[in-house]
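**Student:** Please see the structure below; I have some questions.
Coordinate-derived values only; no laboratory data. This one's a predicted model, so the numbers in the text were calculated from it and none came from an experiment. Virtual Cβ from ideal backbone geometry, glycine too; neighbours counted across all protein chains shown.
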Amino acid sequence: MASNSFDNFNKATQTIFHDSPERKLWLAVLGAAAKDAVDDNWLDFKGYPRGIHKTEDQNYFLHPTRNFYTVCAYAGLDPEYVLRKMRRALNAKQT
């Protein structure tokens, strides 16, 4: 059976792009989105109220789009794993 170089692409383990600057960038993008979704601050980085944006930040993980799956692929992470962890974190914030 021939091995495909993309077999391990979406796993949360080492990928062919393990230490690339691009992967680090996409991990930072996903990390910033996660922080925004669970953060309790009511002001954004410019000092504006985040009321509407807070819902959008959470919906990125509650109702994932193609964009979310693309970011996870570029970050080398399994999107279903990320969704499980983020939904658990968001549920814990509500209780």
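**Student:** For the range 21-94, list log₁₀ I(q)/I(0) at each q in 0.14, 0.18 Å⁻¹, using the Debye formula over Cα point scatterers of equal strength and ignoring solvent, two decimals each.
**Tutor:** -0.44, -0.71
**Student:** Here's a follow-up. Per 0.36 nm of contour for each residue apart, how much would the distance between residue 56 and residue 80 grow if the chain were fully extended, relative to their Cα-Cα spacing? Each step should come with its number before you reach the end.
**Tutor:** Numbers: separation 24, 0.36 × 24 = 8.64 nm, distance 1.93 nm.
Gain on extension, residue 56 to residue 80, equals 6.7 nm.
**Student:** Among 48, 74, which comes first, second and so on when ranked by fewest other beta-carbon atoms within 10 Å? Walk me through the intermediate numbers first.
**Tutor:** Details: 48 10, 74 18.
Least crowded to most crowded, the residues run 48, 74.
**Student:** Gain in length, residue 73 to residue 25, computed as 0.36 nm per residue apart minus the alpha-carbon separation, to one decimal in nm? Before the final figure, lay out the partial values.
**Tutor:** Details: separation 48, 0.36 × 48 = 17.28 nm, distance 1.23 nm.
Using 0.36 nm per residue and subtracting the Cα-Cα distance, I get 16.0 nm.
**Student:** Could I ask something else about it? Test of understanding: ordering 30, 62, 83 by Cβ neighbours within 10 Å, fewest first, what list do you get?
**Tutor:** Numbers: 30 21, 62 13, 83 16.
Going from least to most buried by this count: 62, 83, 30.
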